[in-house]
Each structure stands twice: as C-alpha cells, then as structure tokens.
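The values are calculated or read from the model by the stated rules, or taken from the named source; none is laboratory data. Because the structure is predicted, anything quoted here is derived from the model rather than measured. Cβ: placed from backbone, ideal geometry, glycine included. Neighbour counts: every protein chain shown. Note: accessible area is taken over every heavy atom of the protein model, side chains too, but ligands, DNA and RNA are not part of it. Shrake-Rupley method; radii C 1.70, N 1.55, O 1.52, S 1.80 Å.
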Amino acid sequence: MSEGSSQRTVLVTGANRGIGLGLVRHYLEAGWRVIAAVRKPDEASELAGLGDGLRVLGLDLGEDESIVALGDELKRADESLDLLFHNAGISRNEAFGEWTSGAFDRNFRIHVTGPALLTQALFPMLNHGAKVVSLSSGRASMEWNQSPEDPLDAYGVSKAAMNMMTCRLAAKLKESGVAMVAISPGWVRTRMGGPEASSSVEEAVSKMAAVVSGLTIDQAGAFLSEEGEAIPW
C-alpha cells in the first residue's frame, strides 16, 4: 500500500475529532481520497475546510438503517476501498455499584455490533489487498487488565469483544485477500485520554499509519500496539 498514491481510498468512522480527525488529515496529506463518516455531518466544522479529496457522509453506528444506507450510497457511487478504519468510539462508563445496562449496551453497540455490521455492508467494496483496522485499546487485554479499579469497565469489556469480532472477521476476509487487525493507539491526548497522555494525536496516527502500511495478510487477526508489537490477549 503506497501512501503516495492518489488512487487509494480510506474510510474513517468517527472522523470529526481526536484520532479520527487526525487520520483524515494524515491520509489527505499523503494524497489519499478520504471518506469521513460522522454522526452529524452538518456539525463537523473542522472537516469542512480540509480541502479536496475529502467526502463527508453521515453514519450512526447505533442504527442499522444508517449503516445500510451508507453502504448503499457508496455502492451507487461505485466506490472501492483500500483501507477501513473502525475508529468511532465512546466511553460511557459507570463505577461498580452504579452499573446499568445502558452503558454496557451502548459501548457494545458502537465498538462491536456497529463495526461488525459496517464491515459486512462494505465488504463488497473492499479491494483485494485492502486492510481493515479496529481501533482497540490496551484496556482490551485480559492479561494486562489495566486499572481494574477505574470505572472504564463497560469500555474495556466492549473493546475486548471488539478484538474477538476482529479475529472472527479476519478469518472470513482473509480468503478475499483482506487483512483485518486490531490496533491500540496507545495513550493519546484526546478528550478521553486527557492532557497527561504520553502521545499527541499526530504522533499516534503517524505510528499507526506506518504499521498499517506494512501489514501483511499473514498478520490478519493480530492485536497490535501503535508500534506494531503484539499485545497479549
């Protein structure tokens, strides 16, 4: 995958802020065509001024109809994809003792069910040699089990489920020459990561893009760090 090719197309979900916006900027600067999928396109002001090569479309991962509609729109436009970034995420969490089904359900919907259905909808548009990336987290690692005393229970559990979804989809997509992996961006200075995080958005995106560029089909189903190192399940 050559980042200098203007013929390459990437679709990024949750593209209106944070890492998603960083991915959009990175690939536009590298000469890619970028499809930015956001829940409220009319409010994605930072995307509006990013120039040629960008197409902004609506997508609500919480609604099956929205996922189908996006797939249909891209099919009508005869789009093909070389890279799909499942970046959209939330962090709706509650401390133990205050758990509700709502927080777990919403995290699972946005991190697992939505990306699974979107991959299914976009599968016919994935070129041979395309790559699909699930933006995971170190909190998805059961071996690491980072900070189990904090309130990010629903988030961490849903990201672990995202990893399983990625593994299962990777096995299905591999036959079509598509490599799907889960990548943790590390601790990034975003709204969720906070100002004390060790990496800027630009640093995290640059590292992940380098890993994605070098991915091979033999790595399909892997869980990787932003440096390309294997993370324990």
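Summary table below
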read-out	value
Yes/no for D52 being closer than 25 Å to S136 by Cα, without any contact (Cβ under 8 Å) to a residue 24 or more places away in the chain and in a loop (DSSP other than H, G, I, E, B)	no
Among (1) surrounded by 15 or more Cβ atoms within 10 Å (Cβ to Cβ); (2) at positive phi; (3) touching a His at 6+ places or on another chain (Cβ under 6 Å) - the single one G177 does not satisfy	(1)
R189 among the charged types (D, E, K, R) and either closer than 20 Å to Y27 by Cβ or buried (at least 16 other Cβ atoms within 10 Å of the Cβ) (or both)	yes
Count of region 95-111 residues which are open to solvent by less than 50 Å² (accessible area, probe 1.4 Å) and in a loop (DSSP other than H, G, I, E, B)	1
Members of region 209-233 that are part of a helix (DSSP H, G or I) and either open to solvent by less than 30 Å² (accessible area, probe 1.4 Å) or without any contact (Cβ under 8 Å) to a residue 40 or more places away in the chain (or both)	A209, A210, V211, V212, D218
Conditions (1) hydroxyl-bearing (S, T, Y); (2) within 17 Å of the chain's Cα centre (by Cα); (3) open to solvent by less than 20 Å² (accessible area, probe 1.4 Å): number failed by S206	(3)
Which listed residue is more than 15 Å from the chain's Cα centre (by Cα) and hydroxyl-bearing (S, T, Y), from S176, S158, S137	S176
Tally of residues being of a type in the set (F, W, Y) and surrounded by fewer than 18 Cβ atoms within 10 Å (Cβ to Cβ) across region 112-146	1
In region 123-155, residue modelled with the lowest pLDDT [restricted to those that are in a helix (DSSP H, G or I) and either farther than 30 Å from R8 by Cα or charged (D, E, K, R) (or both)]	R139
Subset of region 1-28 [at pLDDT below 95 and more than 22 Å from I90 (Cβ to Cβ)]	M1, S2, E3, G4, S5, S6, Q7
Which listed residue, of D42, D72, is out of contact with any strand residue (DSSP E or B) (no Cβ under 6 Å at 6 or more places or on another chain), part of a helix (DSSP H, G or I) and at pLDDT below 95	D42
Among (1) in a helix (DSSP H, G or I); (2) touching a residue at least 12 places away in the same chain (Cβ under 8 Å), the one test that Q120 misses	(2)
Region 147-159, residues that are open to solvent by 20 Å² or more (accessible area, probe 1.4 Å) and either free of Cβ contacts under 8 Å to residues at least 40 places away in the same chain or polar (S, T, N, Q) (or both)	S147, P148, E149, D150
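Results for (1) of a type outside the set (A, V, I, L, M); (2) open to solvent by 30 Å² or more (accessible area, probe 1.4 Å); (3) out of contact with any Pro (no Cβ under 6 Å at 6 or more places or on another chain), shown as yes or no for each residue.
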position	(1), (2), (3)
R33	yes, yes, yes
E46	yes, yes, yes
G49	yes, yes, yes
V56	no, yes, no
L61	no, no, yes
I67	no, no, yes
